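Written below as structure tokens is the structure these notes are about.
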Amino acid sequence: MNRLPSFPQRLRNSALLGVVLELVFACLVAADATATPPAYRDPLKVDLLGVFAHPDDETGAAGTLVTYALGRGKTVANVYCTRGEGGGNMVGTQYGPALGILREGELRECLGLMGIRHCFFLDRADFAYTESLAITLEKWGREATLERLVRLIRILRPEVVVTMNPAPNPGQHGNHQAAGLLAIEAFDAAARRDRFPEQLTLEGLSPWQVRKLYHGRAAGAGATIDVTQPLPDGRIPATVAGLALAHHRSQGFGGLASSPWLRRPQSWVLLKSVVPFDPGESDLFRGLPVAEPVSPVPSRRSQSTPDKAPQLAFVPRPAVEFYQNWVRRQGIGHVAAAFEPDIPVVAGEASQILMDVPASMRAAVDDPANWSVPVGWTLVGRAARLGTVADGRHRLAVRVRPPEGHPADAEIGVSIPGAAASEGVKARLHPVPQIRANRLRTDPDLSASPEDAVWKALPEHPIESGWTCQGTANGPGDCSGGFRVARTATHLWIEVRVHDDVVVTNIEPNDIKGHWRSDSVELCIDPRPGSSHTLGCYKLGIFPSDTTGRVRGSRDADANPGVVESTSPGTRIHSARLPDGYLIRASIPFSEIAESGGSIERRLGFNILVYDGDKADAAPGENINRVRLAWAPRSGVQGRPEDWGRLDLR
């Protein structure tokens with residue numbers, strides 16, 4: 001039998017082994033004394049950084065990101081302002097923080113297939129669909145959010161940043177605008193020692209100058225990326241992007257894998273750079289790398305078109321005015337040259353338009369002969385002086401009356417005789433419709449027959465099949481409608497008739513939200529007409545029936561979102577099937593409309609949207625939205641009360 005060594009023997013053996021190991025290690029070190037130690041590799045250093053608002057916002061950049069991550073060996077990371085918890089859910093009933101967890105999981109699956117190494121979040125709230133940059137920055141905290149993004153840029157030290165377009169184009173989500181604005185401001189802030197200096201003194205970071213900054217989907221000097229060039233393994237970036245994006249199932253992206261849209265070249269506008277601008281780029285990394293130190297260079301376009309306020313200018317809506325001033329301060333005013341602002345005006349009535357006018361031009365502007373207005377439009381009276389603004393300019397008000405009904409957008413202009421052509425200016429006017437609500441002495445019956453005499457006596461206002469804000473209706477029978485509206489002393493009464501050849505019922509009783517997923521009607525009411533965002537409004541989406549046959553409604557992206565029974569207990573809704581569609585009626589207390597907007601005045605902002613899907617075999621909760629119509633139609637209008645119509649209360 002083998003005996004174990006005694007303790008003294010084991011101690012001697014251990015000591016001998018230790019000596020031997022020390023000698024071996026010393027020999028190895030001596031043998032490698034002349035070798036160059038391996039270079040330190042920063043595991044967080046990236047080449048390309050994408051800055052987006054929500055999970056799935058990388059869609060417009062996906063082919064580009066795959067091209068660089070899998071095709072050109074670049075290290076890519078994405079930053080998201082939110083987790084998308086305020087959006088819809090097409091695969092389950094998760095909502096709020098639970099939906100944010102689901103969407104993050106989908107996102108990480110997507111990015112893994114795209115070859116994107118890192119994914120970070122700024123942990124801002126995805127609170128609602130809004131077209132307002134201002135309310136987004138207010139809720140997120142502009143400076144605090146910028147600080148978080150600057151920290152990530154200083155840690156990741158990207159060569160190139162790509163982001164979203166911050167311009168307030170119709171249909172551009174306010175969160176998307178904010179992501180672009182923050183990324184553009186971070187380009188300069190991350191390189192400055194006086195911006196968030198505690199990151200340098202307390203966190204061990206150093207300033208970092210991003211080399212090139214782009215935003216997508218606009219014309220201008222920049223790069224066009226062909227996303228159909230094969231990767232080293234033979235796959236096509238657009239195909240890989242489609243398969244990856246299909247993981248955003250909760251957003252209805254399951255069928256995106258084969259979309260031909262993903263194969264189109266992706267265009268990027270170069271905003272800021274440390275290397276000279278080139279209008280014909282085909283590579284985001286053209287001119288890189290560059291040695292330290294580096295500093296931004298101005299673009300030729302910004303040099304040829306100085307970033308200064310025009311001497312004579314129409315005053316656009318506040319969101320556009322902010323954008324125009326902001327791009328000038330950023331030194332990128334040239335990117336707004338193709339941006340065409342518009343001014344909402346009310347059809348059939350004299351609407352006020354503001355102008356900033358140098359004192360030397362006031363007399364010319366005051367002369368109606370120097371104005372050009374479209375046929376059928378009227379310039380009402382003379383310009384009225386409202387006060388003095390910056391640079392000694394006067395702010396004047398003029399009144400213009402469009403035709404009644406739904407006139408098309410039109411251009412108005414003023415010219416200065418004998419002056420340079422650049423001193424004449426134009427503006428695009430966007431008319432919105434207006435109607436009056438008949439006053440009733442007694443409450444009508446919500447559940448009365450569709451042919452009830454009281455309802456039928458009210459004027460009907462059409463919602464035509466061509467008044468689309470998304471998609472295309474195949475004629476009036478496919479999707480169209482009309483509505484009636486009245487008021488009593490305490491309530492607003494609305495009836496909407498929808499012509500729909502395929503009425504879909506796929507929303508379950510425990511999933512009453514996201515009305516845009518299925519056939520539905522949305523009532524939009526603004527107690528302060530012309531608001532810049534919906535968070536003081538009343539917006540109610542109504543399903544004609546859930547899967548049990550019961551009419552259901554939920555407020556969305558407004559002052560008090562949630563199922564109507566909880567958020568607006570005084571509101572009552574009714575629906576009925578018709579041979580060619582369905583009917584919706586609603587009774588809404590003025591007290592619930594005004595809960596966040598103060599007292600009700602004589603006029604409301606008002607719009608009605610109709611959503612149509614036509615997929616008879618739709619799965620429960622599936623997003624089948626194909627067409628959106630509106631009484632006051634425009635892309636994204638549900639999130640932009642400025643472009644809603646006007647409802648006068650008799």
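The values are calculated or read from the model by the stated rules, or taken from the named source; none is laboratory data. Everything numeric in this text was worked out from a predicted model, so none of it was measured. Reconstructed Cβ throughout: ideal geometry from the backbone, glycine too, with neighbour counts over all protein chains shown.
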Practice task
Output the number of the condition that Arg217 fails; it satisfies all remaining conditions of (1) of a type in the set (D, E, K, R); (2) surrounded by fewer than 17 Cβ atoms within 10 Å (Cβ to Cβ); (3) within 23 Å of His54 (Cα to Cα); (4) at pLDDT 95 or above.
Solution key: (4)
Practice task
List every residue pair whose Cβ atoms sit under 8 Å apart, with the two residues 6 or more apart in sequence or on different chains, where the first one lies in segment 276-290 and is surrounded by 12 or more Cβ atoms within 10 Å (Cβ to Cβ) and charged (D, E, K, R) and the second, anywhere, is part of a loop (DSSP other than H, G, I, E, B) and modelled with pLDDT of 90 or more.
Solution key: Asp278/Arg286; Asp278/Gly287; Arg286/Val275
Practice task
Test Thr534 against the stated conditions and say whether it is among the hydroxyl-bearing types (Ser, Thr, Tyr), under 19 Å from Glu601 (Cβ atoms) and in a loop (DSSP other than H, G, I, E, B).
Solution key: yes
Problem - Selected residue (only one of Ala369, Ala363, Ala350 is in contact with a Lys or Arg (Cβ under 6 Å, 6 or more places away or on another chain) and either surrounded by fewer than 17 Cβ atoms within 10 Å (Cβ to Cβ) or among the hydrophobic types (A, V, I, L, M, F, W, C) (or both)) - result: Ala350
Problem - Residue in segment 495-503 that is charged (D, E, K, R) and either under 27 Å from the mean Cα position of the chain (by Cα) or on the phi > 0 side of the Ramachandran plot (or both) present - result: no
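Being part of a loop (DSSP other than H, G, I, E, B) and free of Cβ contacts under 8 Å to residues at least 60 places away in the same chain is the filter here; which residues of segment 537-561 pass it?
Correct list: Pro544, Ser545, Asp546, Thr548, Gly549, Arg550, Val551, Ala559, Asn560.
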Practice task
For Gln209, indicate whether it is of a type outside the set (Asp, Glu), out of contact with any helix residue (DSSP H, G or I) (no Cβ under 6 Å at 6 or more places or on another chain), over 20 Å from Val160 (Cα atoms) and in a loop (DSSP other than H, G, I, E, B).
Solution key: no
Handout entry: Flag if Ala134 is within 17 Å of Pro55 (Cβ to Cβ), under 17 Å from the mean Cα position of the chain (by Cα) and not acidic (Asp, Glu)
Key = no
Practice task
Examine segment 566-587 for a residue that is in contact with a helix residue (DSSP H, G or I) (Cβ under 9 Å, 6 or more places away or on another chain), without any contact (Cβ under 8 Å) to a residue 24 or more places away in the chain, among the small types (Gly, Ala, Ser) and in the same structural domain as Arg439 (by TED's automatic domain parsing), and state whether such a residue exists.
Solution key: yes
Practice task
Look at segment 518-532 and say how many of its residues are within 12 Å of Gln638 (Cβ to Cβ) and within 20 Å of the chain's Cα centre (by Cα).
Solution key: 2
Problem - Flag for Asn165 being surrounded by fewer than 22 Cβ atoms within 10 Å (Cβ to Cβ) and outside the structural domain of Asp556 (by TED's automatic domain parsing) - result: yes
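Checking the condition within 17 Å of Gly639 (Cα to Cα) and surrounded by fewer than 19 Cβ atoms within 10 Å (Cβ to Cβ), which residue from Asn607, Asn560 passes? Spell out the reasoning first.
On the way: Asn607 fails: surrounded by fewer than 19 Cβ atoms within 10 Å (Cβ to Cβ).
Just one listed residue meets the conditions, Asn560.
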Handout entry: Selection within segment 58-112 - in contact with a Leu (Cβ under 6 Å, 6 or more places away or on another chain) and of a type in the set (Lys, Arg)
Key = Lys74
